[in-house]
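Scroll down for the structure; my scribbles are underneath it.
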Amino acid sequence: MINLKPRALVVEDEEHIKDLLSYILESIGFEITGTADNGQTALELLQSQKPDLAVMDINMPYLSGTEVLKRCDCAKKTCIIMLTALTDEDTVKECLALGVSYFIRKDTPVPKMIELIKKTWENFYNQKTETIS
Amino acid sequence: MLNLQSEFEEKLNTAKTNYLKSLNEKHTLLGILKDLMFKTDDLKDENLVNAFQEAYGYIHKLSGSSAMFGFSELGQTSNKLELLLKDFIKNDYSSDKEVICENFEILLNEIEKAIKKD
């Protein structure tokens, strides 16, 4: 049987947020294929699993989210959504240059967060499909 | 559809309950760290340096997670202290320790408020 659910990776060093994000993604139809609580593991999973979507924190132990993106050229194949408490302009610019699809602040209410993730995924998916066809 | 929605809401409530439990633990831990951090100024004391770094780690996580679970005031307070601690550590523990102590106290009160509120 073919699994048609898009596959998602959750990268977050705070366990409670990681669980909450997994619930959110599952509720909108994603299959959680991996979770990571530091940048190094995230990098390994992004390279080995090539998920369709990754929601990733910026400030993490070992490697920051930005460093992960610099080391893996994955933003074309994977829809990357950065989740962060702080969004300084330089970090935003740096991440956008690395191909990040969207930024979500951690204080975004859950229903709005769901809406933003869905919309970002749809845009990414449509663009990817257009490129292929 | 309705079942899925209520199942999701139930999961969210469970996540929030678990988070509140963890706030209790964090409050206790941060209280212990505060005592370690402010009882001495001796930077040769490894316990002091470790306590600041450990506290920074907890507060960094608290800063992001509290906002996400809807505790916005706690999020702002912890965010302020996170930045103060970051500077303090970066400046080799030489900036104003009193300000950090005051903000630490405010944060502990804010955690208590969040626990009592829910």
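Read the figures in this text as sums done on the coordinates, not as results from a lab. For clarity, every value in this text was computed on a predicted model and none was experimentally measured. Every residue, glycine as well, gets a Cβ built from its backbone with ideal geometry; the counts of neighbours run over all protein chains shown.
General observations
- Couplings 3J(HN,Hα) of the range B:63-76, computed from phi: 4, x, 6, 4, 4, 5, 8, x, 9, 5, 5, 4, x, 5 Hz, in residue order, whole Hz [Karplus 6.51 cos²θ - 1.76 cosθ + 1.60, θ = phi - 60°; x for Gly and Pro].
- Shielding score for B:63-73, defined as the mean number of other chain Cβ atoms within 10 Å: 6
- Around the amide H of residue A:78, modelled in the peptide plane, lies no amide H under 5 Å away from a residue 5 or more places distant or on another chain.
- Taking a ≥ b ≥ c as the square roots of the eigenvalues of the Cα gyration tensor, the range A:1-78 is oblate, since a/c reaches 1.5 or more and a/b is not larger than b/c.
- Under 20 Å of direct C-alpha separation, and excluding same-chain neighbours fewer than eight residues apart, residue A:112 reaches these lysines: A:18, B:11, B:16.
- Extreme residue, positive dipole direction of the protein assembly as shown, given options A:102, B:15, B:93 (C-beta unit charges): A:102
- Global geometry of the range B:8-117, whether rounded, prolate or oblate, following the gyration tensor of its Cα atoms and the 1.5 cut on a/c: prolate
- Anisotropy class of the range A:52-125 from Cα gyration tensor, a/c 1.5 cut: oblate
- Shielding score for A:57-67, defined as the mean number of other chain Cβ atoms within 10 Å: 1
- The peptide list B:59-67, A:43-51, put in order of mean Cβ contacts within 10 Å with the highest first, becomes B:59-67, A:43-51.
- Acute angle (nearest 10 degrees) that the helix B:97-117 long axis makes with the longest principal axis of chain B, alpha-carbon atoms: 20
- Per residue, the convex hull volume that the Cα atoms of chain A enclose (Å³): 108
- Separation of the range A:8-62 and the range B:28-87, taken as the distance between their Cα centroids, equals 25 angstrom.
- The mean number of partner chain beta-carbon atoms within 10 angstrom of a residue's beta-carbon across peptide B:13-26 is 2.
- Residues of type lysines that residue A:93 reaches as a straight line, Cα spacing below 22 Å, ignoring anything fewer than 8 places off in the same chain: A:70, A:76, A:77, A:106, A:119
- Helix B:2-38 and the long axis of chain B differ in direction by around 10°, with both axes built from C-alpha atoms.
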